[in-house]
Amino acid sequence: MSLSDCKYGSNTQRDHNCSLHGLPMPGNYGKRPVRTFFDFRHPNMPEKPDAKWVPLLSLTNLRSISKIRLVSFLLGLTLTFLIMASYILPWDKKGLLFTPAPYQLRPVVVPTSTATADVSPEKNLIDMKVLVKIIASKLEYTPRKVPDKKDVIETDSHLFSAIPRHFLPSIKSPCWYEEFSGEINTDLYRRNLFTLRSKSFKTMCDHLRTDFHLHLYHRDGKQYRLRCLPYFYIIGQPKCGTTDLFHRLLLHPEVKFNTMKEPHWWTRKRFGYIRFKDGFQESFPVEDYLDLFDLAAKNIQAGISGNSSGEHSALQLITGEASASTMWDNQAWSYLHENREDREPPFLAQDFIHSVQPSAKIIIMLRDPSERLYSDYLYFKMANKSAEDFHLKVVESVQLFQSCLSERSLRSCVYNTSLSNAMPVRLNLGMYIVFLLDWLTVFHREQILVLRLEDYAANLKVTIKKVFDFLSVGPLPKQVEAALTKRPMSNTRRVADRNLGPMLPATGDLLRKFHQPFNHKLASVLDNKAFLWSNT
């Protein structure tokens, strides 16, 4: 999970995410109302909940009323007060417990109280049958229009001038020679912005700097350095096992990752954003990103120069990158173009990756979206986490999404940054099929490998072999294979979070129904019923 998930948006989402990074949170965290663009007030609830009392009867008139009528009047007045209170009090104490007015969008104050939820299904008042039908109908949309390559290039001319259109044919990885005109003793990595935020990468740069001159290529009196892009990308999703897959693939002798698991360059840092809440900081140039793969380039160049004992194997080395935001996060566009009226991002990360590297291989790791969401919720460090609190946040997020669907297309709601920031949990990240369909608009199906975390955990050896076959790397030596399969799982749930137990049955039921149309479409596109997650 990236630090940049601590972003702009509602106080609920911002405090929820900022706490992950140890940032100070307001003293009234969990109590302060948050202003959003979505209104879920009960259709019969008055605009102003202040009671408007009828004029009091004069004493003269009261004397003329019989005791029976007086008692009846007072009882009626009391009943009226109780009815009005029944609308007002649950709003203040329990948050959103009403069905949203049929697809209305109005400003509203959404309480962020984490009080214990009444989680009985009848109290949620979300008509899931209706919502599921709406989602299913909106899933049948025309694929997005892919922007012209010329328009993609014009948005970042430096990127496309730094990377050539063709790569070296004898090397498996996408590599090329870049003329080096600087001094040999120049500190190439001194200004690399990644070194300021990664000790491991800085250490690697210190190592590369010492013998950099030995790995330059000389031709016609000029010097060249080998540059490489990733051969493959692990693009998502968060809390689906990408960290564990990253570390296991590192054990294969033909795979050379960068030392940073999640550079988040394609989605955030190249635009100048590290944490969206901090606003624009400084754009990470493409040269800084390419430096991440210099270790692989060094080993490949050794093979080209014949300085390697395994010359052929050096030419077969592949590079890889794993950022769990690449599949879904295109929020930078909403910050770069705040005044645009577009309801969907004009360009997606895959448009740029495909434009510079049309043969790239893409790996996606998914899991039951309901379990993914709960794991995502538990991952972030915040106070008062509980299954009941998770349920309240799920209900609120589903209602927000339902309201958005009344006004916008499904894709627009899935990519909408304001909606994403308003949701107390990242519900949209589990709508896998929307993101996958967009990746399939630029990459061929055979270039994308989609895995399930459940299969990965149940039979690691078989799943890893699928990955190796997909990447066309050789079989592992027995000793390395044993080390790979015995390696403990990475990024497992903290003990304190495990003690909270599973999500409530009511929450699981609600999420399963909500995700059903998305999963059904995903299973159909992948021609694999396992992606229905019907047995989990």
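Results for (1) surrounded by 13 or more Cβ atoms within 10 Å (Cβ to Cβ); (2) without any contact (Cβ under 8 Å) to a residue 40 or more places away in the chain; (3) not in a helix (DSSP H, G or I), shown as yes or no for each residue.
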{"site": "LYS465", "(1), (2), (3)": "yes, yes, no"}
{"site": "PHE470", "(1), (2), (3)": "yes, no, no"}
{"site": "GLY474", "(1), (2), (3)": "no, no, yes"}
{"site": "VAL480", "(1), (2), (3)": "yes, no, no"}
{"site": "LEU500", "(1), (2), (3)": "yes, no, yes"}
{"site": "MET503", "(1), (2), (3)": "yes, no, yes"}
{"site": "GLN516", "(1), (2), (3)": "yes, no, no"}
{"site": "VAL525", "(1), (2), (3)": "yes, no, no"}
{"site": "PHE531", "(1), (2), (3)": "yes, no, no"}
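The residues in segment 124-178 that are outside any helix (DSSP H, G or I) and closer than 30 Å to ASP509 by Cβ can be counted, and the count is 6. Residues that are among the basic types (Lys, Arg) and open to solvent by less than 90 Å² (accessible area, probe 1.4 Å) within segment 126-145 comprise LYS138, ARG144, listed in sequence order.
Restricted to segment 335-375, and to residues that are under 22 Å from PRO517 (Cβ atoms) and basic (Lys, Arg), which residue is modelled with the lowest pLDDT? Per the criteria, the residue is ARG343. So in segment 267-293, with the set limited to residues that are buried (at least 23 other Cβ atoms within 10 Å of the Cβ) and not hydroxyl-bearing (Ser, Thr, Tyr), which one is modelled with the lowest pLDDT? Selected residue: PHE276. Taking helices (runs of 4 or more DSSP H) as the structural unit, those lying wholly within segment 232-330 and holding at least 1 residues that are in contact (Cβ under 8 Å) with a residue 12 or more places away in the chain and of a type in the set (Gly, Ala, Ser) correspond to 294-304, 311-315. ILE171 passes every criterion in (1) modelled with pLDDT under 95; (2) within 23 Å of LYS269 (Cα to Cα); (3) in contact with a Cys (Cβ under 9 Å, 6 or more places away or on another chain) apart from (2). Of the residues making up segment 300-323, those that are open to solvent by 10 Å² or more (accessible area, probe 1.4 Å) and modelled with pLDDT of 90 or more number 2.
Mind telling me which of the residues ARG219, ARG225 ends up being open to solvent by 80 Å² or more (accessible area, probe 1.4 Å) and not aliphatic (A, V, I, L, M)? None of the others qualify; the one that does is ARG219.
Among the residues making up segment 367-415, those that are surrounded by fewer than 20 Cβ atoms within 10 Å (Cβ to Cβ), closer than 26 Å to PRO143 by Cα and among the hydroxyl-bearing types (Ser, Thr, Tyr) are SER406, SER409, SER412. Among the residues of segment 441-466, those that are within 29 Å of PHE347 (Cβ to Cβ) and either modelled with pLDDT under 95 or in contact with a strand residue (DSSP E or B) (Cβ under 9 Å, 6 or more places away or on another chain) (or both) comprise PHE443, GLN447, ILE448, LEU449, VAL450, LEU451. Condition first: of a type outside the set (Val, Ile, Thr) and in contact (Cβ under 8 Å) with a residue 24 or more places away in the chain. Now tell me which residues in segment 441-456 satisfy that. PHE443, GLN447, LEU449, LEU451, ARG452, LEU453, GLU454, ASP455, TYR456, listed by residue number. If you check TYR432 against the conditions, is it aromatic (Phe, Trp, Tyr) and closer than 17 Å to SER325 by Cα? Spelling it out, TYR432 is indeed aromatic (Phe, Trp, Tyr) and closer than 17 Å to SER325 by Cα.
For GLU183, the criteria (1) over 25 Å from MET260 (Cβ atoms); (2) open to solvent by less than 90 Å² (accessible area, probe 1.4 Å); (3) modelled with pLDDT under 95 hold in every case but one, which is (2). Checking the stated criteria, THR195 turns out not to satisfy the condition of being more than 30 Å from GLU321 (Cβ to Cβ) and modelled with pLDDT of 90 or more.
The values are calculated or read from the model by the stated rules, or taken from the named source; none is laboratory data. Not measured: the values here are computed from a predicted model. Because the Cβ atoms are built from the backbone with ideal geometry, glycine has one as well, and the counts that use them run over all protein chains shown. In case anyone asks, the SASA skips ligands and DNA or RNA and just uses the protein heavy atoms, side chains included. Shrake-Rupley method; radii C 1.70, N 1.55, O 1.52, S 1.80 Å.
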